[in-house]
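The numbers here are math on the coordinates, done by the rules we state, and not lab data. None of these values were measured; they are calculated from a predicted model. Cβ: placed from backbone, ideal geometry, glycine included. Neighbour counts: every protein chain shown.
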Amino acid sequence: MWSGPRNISTAMMRAWENRADTVVVDEPLYAFYLLRTGLPHPGAAEIIAQDETDWRAVAARLTGALPPGATVFYQKHMAHHLLPEVERDWLWGLEHAFLLRDPREMLLSLSKVTPNPRPEDTGLPQQLELFEEVERRTGRTPPVLDAKDVLDDPRALLGRLCDALGVAFDEDMLSWPAGPRDTDGRWARHWYASVERSTGFEAWHPRTGALDPALEGVLAECVPYYEKLNARRLTA
């Protein structure tokens, strides 16, 4: 699942992890991304020191055998972690899906934690590039979800996603126990307070507030990426 930041990506990971047949991994390319970019994200030094920073080793893990009893491996990825230097061949043995958020809402949230975000920090350019490559290689449209649609009708949209991936829908995806998970990235204490309190998908509410005028150009660049993907999204 390729998402951008400040989305419902961790809640979506919770939904899949609550299935008995599924194992999950949380942003496995993050340490590599932090090492290469040098960005001062919270806990960056600890993440780089303790998590895998070699993308080839990460790719080998992501394409390896599943644990006994598991038939689904749900990988939560941030699309912007897939830097240009990462070779792509290992990706083509996986099924890909995409999770969107309206870029104005994303930037309103992202700008609170990332000073001067750039278009590439939203993950939208990378999502569209990967979407088009998957479509070209497979001849099929990979599933795209918009966060608003999921929050408005989780049962319908998760059902559509499962159908598109050839996986049976499981009612256990709609709710989960509150609290942290051993599978959460070590950055969870900086970012996951809200999802740790959650027991399911919360109703969508529009994010209010004025966007910094300095980000209007970033928004204008992001909108076409979003609109191209959103036009292909699954609906209820």
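Brief remarks follow.
- Taking only Cα atoms of segment 1-65, radius of gyration then Dmax in Å: 13.2, 38
- Distance from the Cα centroid of segment 75-122 to that of segment 162-236 is 12 Å (rounded to whole angstrom).
- Set of aspartates and glutamates near Lys76 by C-alpha distance (under 12 Å), chain-local residues within fewer than 8 positions excluded: Glu17, Asp26, Glu27, Asp184
- Per-pair calculated FRET efficiency, R0 = 25 Å: Ala231 and Trp204 via Cβ, rounded to 0.05: 0.80
- Taking Asp21, Asp121, Asp102 as the candidate residues, the one with maximal mean-square fluctuation in a Gaussian network model of the chain, Cα springs under 10 Å, is Asp21.
- Calculated FRET efficiency for the pair Thr138/Ser194, C-beta based, R₀ 30 Å, to 0.05: 0.30
- Estimated dipole of the chain in Debye, rounded to 20 [Cβ of Lys and Arg +1, of Asp and Glu -1, Cα centre]: 140 debye
- Taking only the alpha carbons of the chain, we obtain Rg and Dmax values of 17.0, 52 Å in that order.
- Per-residue [θ]222 nm for the chain (sum of -39500 (n - 2.57) over DSSP H runs n ≥ 4, rounded to 500): -11500 deg cm²/dmol
- Sorted fewest first by neighbouring Cβ atoms within 10 angstrom, Lys228, Lys112 come out as Lys112, Lys228.
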